[in-house]
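Novice: The structure under discussion is supplied below as structure tokens; questions concerning it will follow.
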Amino acid sequence: VGAGMFDITGEVAEIGFMGYAVPAQRGIGLLQRMRARAFIIVDPSPPNNRVVYVSMDNAMAFQMVRIEVIDRLQKLYQNLYTLKNVLLSGTHTHSTPGGTGGTVLVDITTFGFVKENWEACVAGVVGAIQRAHNNLQPGYIKINVGKLDNANINRSPASYLRDEDRSQYETNTDHEITVLRFESVDRTELGMINFFPVHGVSLNNTNMLVAGDNKGYASYLFEKYKNPDALPGTGKFVAAFGQSNEGDVSPNTAGPRCIDTGLPCDFNTSTCDGKNELCIAFGPGSTQYESTEIIGRMQFESARDLYNSAEIYLTSGVDYRHIYTDMQTQNVSSKFTTTGKNVTTCQAALGYSFAAGTTDGPGAFDFTQSTTSPNPFWRFVSAFIANPTPEQIACHEPKPILLDVGQVKPIEWVPYILPMQLYRIGNLYIISVPGEFTTMSGRRIKLTVKTALQNAGAWTNSSHIVIAGLSNSYSHYVTTYEEYQQQRYEGASTLYGPHTLAAYQQIFDQLTTALVMNKTLPDGPSPIDMRGKTFSFVLPPLWDGVPVGKDFGDIVHDVASQYRGGAVVNCTWYGGNPRHDLLTEKSYLYVDQYNASTSQWVTILTDADWETRFLWERQSFDYSLITVQWFIPKNQTVGMYRLRHIQTVFFVGTDDSTQYATRNEQKIFNDVVEIGIPENYPFVSHKELASLHWTRLFCPWAKYIFRADDDVLLDIFLLINYIQYYLYNNDEK
């Protein structure tokens with residue numbers, strides 16, 4: 001077994017977040033760094049099968065990320081790691097930078113593909129797997145299963161009440177929590193995986209700070225608990241709080257209410273006086289950040305207790321099955337359908353209630369949940385994207401089609417060739433699904449796998465099944481047939497029609513049977529590879545400047561000389577746009593404590609700690625204000641502390657002396673970047689006069705002009721950014 005983690009944070013400023021689909025929710029800083037947490041399990045017996053599980057602090061795991069990850073892994077390890085034995089699962093935080101999906105529907109609210117975020121994610125996942133691979137050692141896995149109450153609620157209870165088998169269960173959300181404990185043969189503790197279903201929406205759509213939400217906070221607490229002397233991300237122990245069947249599961253346990261009256265929302269439509277925007281669910285805390293802490297701490301404490309009391313070892317043996325399936329063309333046997341008839345799935349489409357959003361994040365237009373009748377105006381508007389055929393309309397009933405995304409060509413709006421994956425690790429079975437299964441959908445898919453195991457004689461009293469949700473690709477929601485009839489948000493977002501779950505059940509019945517019988521299955525059709533086919537309207541970051549008479553690092557708002565525990569320290573500098581350097585595996589800020597006995601400063605906190613916040617603000621045209629906040633714990637040790645901010649500043653200028661100084665600065669402080677310009681740039685004569693005149697006339701804010709052979713390219717850079725800035729701030733032009 002082996003475990004490892006790596007930074008996947010991405011750009012923390014100016015880029016839209018993935019999750020709520022609110023274009024105005026764009027990053028202004030960092031609350032917590034994002035990590036990929038990887039675990040490798042290898043069967044010591046021939047043929048030495050191995051599987052990889054990666055939990056990503058991300059909204060979901062996209063197919064375009066996974067394909068690139070596998071390509072890079074195979075360059076390192078040949079065929080040791082493939083699409084079949086690598087599982088990527090998103091925690092479903094809604095507070096991470098977007099633009100990494102590659103398909104239209106998930107990238108459109110971030111104004112397209114953001115290569116920097118995609119690269120951070122890909123490189124981070126590969127880095128985490130490399131560390132887990134390098135950490136492989138003989139060991140054991142213990143399993144423990146418990147119950148966690150009051151940490152989630154069902155946000156679509158009207159849909160759940162339609163489920164015919166609900167009387168078999170005590171609650172309308174799953175409270176089961178599963179913990180895997182990884183340790184070496186010498187009992188060194190290596191890591192922990194937790195499975196528990198709850199949405200990553202404790203932070204609402206007004207939050208502009210990059211964060212891992214409640215599961216990210218739970219991982220932070222567990223790793224701090226096991227790595228007490230290490231800064232976040234640097235300890236050897238890895239704690240992943242993985243996602244499961246959270247489709248209709250909310251952490252906002254105080255429930256929804258009308259924000260204008262305080263009264264309950266309409267039960268079926270989640271509206272207040274007919275308006276969905278007024279019906280909002282709230283968490284258990286007084287603020288969204290406190291709610292995140294409460295739900296995250298509940299998961300941490302439950303997982304900690306189960307981890308510490310785990311006694312049962314997983315049995316030996318590792319195996320897996322993986323296929324690709326075209327979900328738009330599935331013929332489903334009556335054995336798996338609720339109606340008892342042979343049925344087919346549909347071409348992908350989204351319903352009206354998709355646009356209504358949920359009580360965790362309402363939509364922006366006059367849509368309501370539980371809508372089953374089309375609106376003439378929106379039908380007219382949606383026809384410009386694709387006009388659904390009578391057959392498509394009939395296939396999706398009672399869903400009124402708003403976005404007929406399956407028929408839009410040639411750009412892929414949503415994936416339809418999806419990865420289906422099943423792991424066996426001893427007596428544990430992990431169902432990997434590329435979407436958000438509701439509570440009852442998850443229960444039924446687990447029952448399907450259990451039944452197949454029983455029929456094959458492979459089920460024992462110690463067997464256990466978990467779901468790894470939002471894995472390997474993203475195809476939105478999967479409801480039961482009954483829940484689909486209600487057409488709340490989850491049903492409207494079930495892409496392939498009312499029998500989508502039945503199709504999944506049929507597929508996983510085949511996967512389970514093949515795994516138990518040691519049979520191979522055809523790989524299936526190849527998914528569309530969106531690499532190189534994406535769109536983007538995301539502008540690059542501008543260069544960095546400061547007001548006349550100021551310099552980078554000059555303090556705008558200084559700290560006080562003394563603070564009490566419970567206070568907040570604020571310090572603001574002139575700095576640069578953090579998009580110029582992600583500082584992967586590093587930090588934008590440091591809180592240092594002075595050790596009088598050694599006369600040394602010791603770092604105690606970074607930007608990955610929950611007590612700190614890194615804030616960025618654009619001022620004027622190219623000025624950046626950087627604020628570092630430290631929320632001092634009430635029990636903080638009395639002493640002397642300092643705040644530091646580390647950042648790359650983007651400037652141009654490469655004469656010989658500057659190059660030498662720049663390289664040395666970069667080595668010592670890692671806070672500047674060198675831009676190389678050819679010495680023999682041949683295209684303009686009298687460059688000194690032409691460049692100086694043009695720059696002073698049209699770009700008076702230009703601060704760095706060094707030598708003639710640099711100036712022409714400097715001018716081009718400034719001109720391009722000036723045009724972009726002008727267009728960005730003058731929409732009417």
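The values are calculated or read from the model by the stated rules, or taken from the named source; none is laboratory data. Here the structure is a predicted model, which means the values were calculated and not measured. Virtual Cβ from ideal backbone geometry, glycine too; neighbours counted across all protein chains shown.
Novice: Return the only residue of R131, R155, R181 being in contact (Cβ under 8 Å) with a residue 60 or more places away in the chain and surrounded by fewer than 21 Cβ atoms within 10 Å (Cβ to Cβ). Step through it out loud before you land on a result.
Specialist: On the way: R155 fails: surrounded by fewer than 21 Cβ atoms within 10 Å (Cβ to Cβ); R181 fails: surrounded by fewer than 21 Cβ atoms within 10 Å (Cβ to Cβ).
After ruling out the rest, the residue left standing is R131.
Novice: Let me ask something else about it. Residue check: is R166 basic (K, R) and surrounded by fewer than 24 Cβ atoms within 10 Å (Cβ to Cβ)?
Specialist: Yes.
Novice: Do we find that D551 is within 22 Å of the chain's Cα centre (by Cα) and assigned to a loop (DSSP other than H, G, I, E, B) in this structure? Give the steps one after another, and end with the answer.
Specialist: On the way: within 22 Å of the chain's Cα centre (by Cα): no; assigned to a loop (DSSP other than H, G, I, E, B): yes.
No: the conditions fail for D551.
Novice: To continue, here is another question. Out of all the residues in the range 110-124, is one or more at pLDDT below 95, within 26 Å of E436 (Cβ to Cβ) and of a type in the set (S, T, N, Q)?
Specialist: yes
Novice: Name the residues in the range 447-487 that are within 30 Å of the chain's Cα centre (by Cα) and hydrophobic (A, V, I, L, M, F, W, C), would you?
Specialist: Scanning the range 447-487 gives L447, V449, I465, V466, I467, A468, L470, V478.
Novice: In addition: Residues being buried (at least 16 other Cβ atoms within 10 Å of the Cβ) and modelled with pLDDT of 90 or more: count how many of those fall in the range 367-396. So that I can check it myself, show each step before the final result.
Specialist: We begin by selecting, within the range 367-396, every residue buried (at least 16 other Cβ atoms within 10 Å of the Cβ); these are 367-372, 374, 378, 382, 386, 388, 392-393, 395-396.
Then keep just the ones that are modelled with pLDDT of 90 or more; that gives 388, 392-393, 395-396.
Of the residues in the range 367-396, 5 are buried (at least 16 other Cβ atoms within 10 Å of the Cβ) and modelled with pLDDT of 90 or more.
Novice: Now for a different question. Test A310 against the criterion of being within 30 Å of Y140 (Cβ to Cβ), in contact (Cβ under 8 Å) with a residue 12 or more places away in the chain and surrounded by fewer than 21 Cβ atoms within 10 Å (Cβ to Cβ), and give yes or no. I'd like the intermediate steps shown before the answer.
Specialist: Details: within 30 Å of Y140 (Cβ to Cβ): yes; in contact (Cβ under 8 Å) with a residue 12 or more places away in the chain: yes; surrounded by fewer than 21 Cβ atoms within 10 Å (Cβ to Cβ): yes.
It is true that A310 is within 30 Å of Y140 (Cβ to Cβ), in contact (Cβ under 8 Å) with a residue 12 or more places away in the chain and surrounded by fewer than 21 Cβ atoms within 10 Å (Cβ to Cβ).
Novice: In addition: Can you list the strands (runs of 3 or more DSSP E) found entirely within the range 574-649 that contain at least 1 residues being surrounded by 20 or more Cβ atoms within 10 Å (Cβ to Cβ) and within 25 Å of the chain's Cα centre (by Cα)?
Specialist: 589-595, 600-606, 612-619, 623-631
Novice: Of the residues G29, G19, which is of a type in the set (G, A, S) and in contact with a His (Cβ under 7 Å, 6 or more places away or on another chain)? Outline the logic, then answer.
Specialist: Details: G29 fails: in contact with a His (Cβ under 7 Å, 6 or more places away or on another chain).
Going through G29, G19 in turn, the sole match is G19.
Novice: Further question on the same structure: Output the residues belonging to the range 263-316 that are aromatic (F, W, Y), touching a helix residue (DSSP H, G or I) at 6+ places or on another chain (Cβ under 9 Å) and farther than 21 Å from V201 by Cα.
Specialist: Y307
Novice: Just a yes or no: is a residue in the range 199-216 in the same structural domain as G10 (by TED's automatic domain parsing), surrounded by fewer than 17 Cβ atoms within 10 Å (Cβ to Cβ) and farther than 29 Å from I425 by Cα? Walk me through it before giving the result.
Specialist: Narrowing the range 199-216 to residues in the same structural domain as G10 (by TED's automatic domain parsing): 199-216.
The next check asks that each one be surrounded by fewer than 17 Cβ atoms within 10 Å (Cβ to Cβ); those that pass are 206.
From what is left, the residues that are farther than 29 Å from I425 by Cα are 206.
Yes, the range 199-216 has at least one match.
Novice: Scanning the range 397-419 for residues that are charged (D, E, K, R) and surrounded by 14 or more Cβ atoms within 10 Å (Cβ to Cβ), which turns out farthest from S536 (Cα to Cα)? Break it down into steps so the answer makes sense when it comes.
Specialist: At the first step, the residues of the range 397-419 found to be charged (D, E, K, R) are 397, 399, 404, 409, 412.
From what is left, the residues that are surrounded by 14 or more Cβ atoms within 10 Å (Cβ to Cβ) are 397, 399, 404, 412.
Details: E397: 34, K399: 31, D404: 22, E412: 14 Å.
Checking each candidate, the answer is E397.
Novice: Based on this model, can you work out whether T269 counts as surrounded by fewer than 17 Cβ atoms within 10 Å (Cβ to Cβ) and in a loop (DSSP other than H, G, I, E, B)? Show your work before the answer.
Specialist: Details: surrounded by fewer than 17 Cβ atoms within 10 Å (Cβ to Cβ): no; in a loop (DSSP other than H, G, I, E, B): yes.
So T269 does not fit the description; no.
Novice: Let me ask you something else. Looking at this structure, is A230 surrounded by fewer than 16 Cβ atoms within 10 Å (Cβ to Cβ) and in the same structural domain as L306 (by TED's automatic domain parsing)?
Specialist: Working: surrounded by fewer than 16 Cβ atoms within 10 Å (Cβ to Cβ): yes; in the same structural domain as L306 (by TED's automatic domain parsing): yes.
It is true that A230 is surrounded by fewer than 16 Cβ atoms within 10 Å (Cβ to Cβ) and in the same structural domain as L306 (by TED's automatic domain parsing).
Novice: Also, I was wondering about something else. Please tell me if I431 is closer than 25 Å to H94 by Cβ, assigned to a helix (DSSP H, G or I) and either of a type in the set (D, E) or in contact (Cβ under 8 Å) with a residue 12 or more places away in the chain (or both). It would help to see each step written out before you state the result.
Specialist: Numbers: closer than 25 Å to H94 by Cβ: yes; assigned to a helix (DSSP H, G or I): no; either of a type in the set (D, E) or in contact (Cβ under 8 Å) with a residue 12 or more places away in the chain (or both): yes.
When the stated conditions are applied, I431 does not pass them.
Novice: So, R187, is that one surrounded by fewer than 24 Cβ atoms within 10 Å (Cβ to Cβ) and either under 22 Å from R131 (Cα atoms) or hydroxyl-bearing (S, T, Y) (or both) or not?
Specialist: Numbers: surrounded by fewer than 24 Cβ atoms within 10 Å (Cβ to Cβ): yes; either under 22 Å from R131 (Cα atoms) or hydroxyl-bearing (S, T, Y) (or both): yes.
Criteria met by R187.
Novice: Residue under question is V125, and the condition is that it be buried (at least 20 other Cβ atoms within 10 Å of the Cβ), in the same structural domain as T100 (by TED's automatic domain parsing) and under 21 Å from the mean Cα position of the chain (by Cα); does it hold? Walk me through how you get there before you give the answer.
Specialist: Details: buried (at least 20 other Cβ atoms within 10 Å of the Cβ): yes; in the same structural domain as T100 (by TED's automatic domain parsing): yes; under 21 Å from the mean Cα position of the chain (by Cα): yes.
When the stated conditions are applied, V125 passes them.
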